[in-house]
Amino acid sequence: MGKVIFYEERNFQGRSYDCMSDCADMSSYLSRCYSCRVESGCFVVYERTNYMGNQWFIRRGEYPDMQRMGMVFDSIRSCRMIPHYRGHYRMKIYERENFGGQMNELMEDCESIVDRYRMSDCQSCNVSDGHWLMYEQPHYRGRMCYFRPGEYRSFREMGYSNMRFMSMRRIMDIC
């Protein structure tokens, strides 16, 4: 089980909110969130409510100033706890929406779909096993998105129309 404490101000100041599960809207607990302390587990935090917008992966540790850490958004508005997982990892990525075009199956991290698969784009995926982070640039750089088991038929319809996922990484931390 994970636990993260969110604070309204930088450097763990102001009102706080202890969170031990998913939270779709933190506005009922805090007016804003500029720092946090992860006591256990791993989380993905989002810039908007209902797990929308830019995302950031956080693990055990202190984050006294989220913006200074490279977060590209103003304040955390929602968070999702990543459950601990020990098992196989499997994800199929597709060149086009609705599982169309070239398909490749991943069971390990992929630094570049262009280099490994000669695949220039990824528009849909099916996560069978494990929890994954997908990045807009090779070598796990740029904006990222969290994917748990499920079918994702269209990244564009999910709100990621301006992103091209170019690298994928398994979440293997002790979450």
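The values are calculated or read from the model by the stated rules, or taken from the named source; none is laboratory data. All values reported here derive from a predicted model rather than from experimental measurement. Because the Cβ atoms are built from the backbone with ideal geometry, glycine has one as well, and the counts that use them run over all protein chains shown. Quick note on the areas: whole protein, heavy atoms, side chains included, nothing else; ligands and nucleic acids left out. Shrake-Rupley method; radii C 1.70, N 1.55, O 1.52, S 1.80 Å.
Within region 136-147, the set of residues being loosely packed, with under 15 Cβ neighbours inside 10 Å and in a loop (DSSP other than H, G, I, E, B) comprises H139 only. Working only within region 34-55, note down all residues that are buried (at least 16 other Cβ atoms within 10 Å of the Cβ), within 22 Å of G130 (Cα to Cα) and among the hydroxyl-bearing types (S, T, Y). The answer is Y46, Y51.
Can you tell me which condition M103 does not meet? The list is (1) in contact (Cβ under 8 Å) with a residue 12 or more places away in the chain; (2) in a strand (DSSP E or B); (3) buried (at least 16 other Cβ atoms within 10 Å of the Cβ), and all the others hold. M103 satisfies every listed condition except (1). In this structure, does E108 turn out to be part of a strand (DSSP E or B) and not small (G, A, S)? No: the conditions fail for E108.
Tally the residues that are open to solvent by 90 Å² or more (accessible area, probe 1.4 Å) and either at pLDDT 90 or above or not in a loop (DSSP other than H, G, I, E, B) (or both), restricting the search to region 56-83.
3
Among the residues making up region 100-118, a single one is in contact with a helix residue (DSSP H, G or I) (Cβ under 8 Å, 6 or more places away or on another chain) and closer than 15 Å to H131 by Cα: C110. Total residues in region 114-135 satisfying the condition of being in contact with a Ser or Thr (Cβ under 7 Å, 6 or more places away or on another chain), of a type in the set (A, V, I, L, M) and open to solvent by less than 50 Å² (accessible area, probe 1.4 Å): the figure is 0.
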